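A.B. asks: Would you mind keeping the following structure in view while I ask a few things?
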Amino acid sequence: MHIENLKVFSDLVHSESFSKSAKLNGITQSAVSQQLRAMEKHYNILIVDRSQKQFRLTPEGKKLYAAAQRILAITETLNGELQEMKNVVSGPINLSTIYSIGLHELPPYIKRFLKDFPAVNLRVEYRRSNHVYEDILQNSFDLGLVAFPVKTKGIEIIPFREDTLVLICHPDNPLASESSVSLEEIARNKFVGFDADIPTRKGIDAMFREKRLTVDPVMEFDNIETVKRAVEIDAGVAIVPSATVKQEVARGALAAVEIDAKRRSRPLAILHRKGKVMTPALQKFLETLTSQPVNAAESASGAPAGKARSRARRAGAV
């Protein structure tokens, strides 16, 4: 029985999905089924209870899964120790992030990291916040990046940084000439918001609730880019992280105004699975993310360089 078989089996148990396990391992769904049957034949046991509609392991399957987890952990530790002996930081890092962090906060950190460790293969995927948590729990990604982190069983939360929330409006909007604006003034305007299930939306709603204000958005979107486009055509005003609108403000497409409120920051956090073995590459990347903020020159550097690959399964939520 090969380590690769145990990895496919472990991903199958985590995801409870043959298609997801196949996608994680770059094989077909049929290949996952074949590997499962081969394992059952090899050990002469039933691993999955096929009499149940939902995915469920047999007692023998649970025993095998526990052993597979130990073997995979030992293998991961060994790979890390061998890398350290070679004094080479290399290997893959899979990062799941919400769109606003991945596009606007992460690039300078990635540029700095890949400049120091060019042998690392960093893959970034943009996801909705709830999917980032799933990715980490299922161990399909090494690290996650989210806003307004929520304590979740099985997940370790590491503070990353804090964003400042600002009001954005069309440059011709009367609010654009103000040095700061109150929540009461914002509530009197047409408001463009994020979808109700997005953490940043929940944080913004909490700001208004503290002032006993109610805002009924005229438009709601699941990602920061669409919100900005709606404000650019003067469909309303919006509250967004300041880092996400620097370019639009610089070219005069949007105006950003400070919000006069006690809570106007957005905490960002790094997620990883509790008990996860940290390879040298992961350790160095975490050190980069938690080091001093990048300077202005790096922040203006644009998209990630080097071997970082970015894929958006969907225009991910803020």
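Just so it is clear, none of the values below were taken in a lab; they were calculated from the coordinates. Since we're looking at a predicted model, the values are computed, not measured. So basically every Cβ, Gly included, is an ideal-geometry build from the backbone, and we count neighbours across all protein chains shown.
A.B. asks: Using a Förster radius of 30 Å, what is the FRET efficiency between residue 253 and residue 197 based on their Cβ-Cβ separation? Nearest 0.05, please.
C.D. replies: The calculated FRET efficiency here is 0.60.
A.B. asks: Something else now. Which cross-chain or sequence-distant (5 or more) residues have an amide H under 5 Å from the amide H of residue 194, H modelled 1.01 Å from N in plane?
C.D. replies: For residue 194, the qualifying residues are 221.
A.B. asks: Going by alpha carbons, how many degrees (0 to 90, nearest 10) lie between the helix axis of 59-86 and the longest principal axis of the chain?
C.D. replies: Tilt of helix 59-86: around 70 degrees.
A.B. asks: Classify the stretch 162-265: rounded, prolate or oblate, from the alpha-carbon gyration tensor (a ≥ b ≥ c, eigenvalue square roots; a/c under 1.5 rounded; otherwise prolate if a/b is larger than b/c)? Please report the intermediate quantities before stating the final value.
C.D. replies: Working: a/c = 1.37, a/b = 1.21, b/c = 1.13.
The shape class here is rounded.
A.B. asks: Here's a follow-up. How big is the antiparallel share of DSSP beta bridges in the chain, given as a percent to the nearest 5?
C.D. replies: So the antiparallel bridges in the chain amount to around 50 percent.
A.B. asks: How much length would be gained if the chain were fully extended between residue 38 and residue 54, taking 0.36 nm per residue of separation minus their Cα-Cα distance, in nm to one decimal? Display every interim value, and only then the final one.
C.D. replies: Values: separation 16, 0.36 × 16 = 5.76 nm, distance 2.14 nm.
So the extension gain works out to 3.6 nm.
A.B. asks: May I ask you to derive the FRET efficiency for residue 206 and residue 276 from their Cβ-Cβ distance with R0 = 25 Å, giving the value to the nearest 0.05? Mind dumping the intermediate values first?
C.D. replies: Numbers: r = 31 Å, r/R0 = 1.24.
After rounding, the FRET efficiency stands at 0.20.
A.B. asks: From the square roots a ≥ b ≥ c of the eigenvalues of the alpha-carbon gyration tensor of the chain, which class results: rounded (a/c under 1.5), prolate (a/b over b/c), or oblate?
C.D. replies: It is prolate, given that a/c is not under 1.5 and a/b is the larger ratio.
A.B. asks: When the Cα centres of the stretch 221-243 and the stretch 1-31 are compared, how far apart do they sit, in Å?
C.D. replies: Going from one Cα centre to the other spans 39 Å.
A.B. asks: While we're on this one: Are there any GluC sites (Glu not before Pro) in the stretch 118-185 that are in a DSSP loop and have at most 10 other Cβ atoms within 10 Å? List them by number.
C.D. replies: Of the GluC sites (Glu not before Pro), not one in the loops of the stretch 118-185 has a Cβ with at most 10 other Cβ atoms within 10 Å.
A.B. asks: Decide, for the stretch 30-148, between rounded, prolate and oblate: order the square roots of the alpha carbon gyration tensor eigenvalues as a ≥ b ≥ c, take rounded if a/c falls under 1.5, and otherwise choose prolate if a/b is larger than b/c, else oblate.
C.D. replies: Taking the square roots of the gyration eigenvalues as a ≥ b ≥ c, the stretch 30-148 is oblate.
A.B. asks: Additional query: Using a simple spin-label model with points 7 Å from Cα along the Cα→Cβ vector, what separation in nm is obtained for residue 233 and residue 263?
C.D. replies: Placing both labels 7 Å beyond Cα along the Cβ direction yields 3.3 nm.
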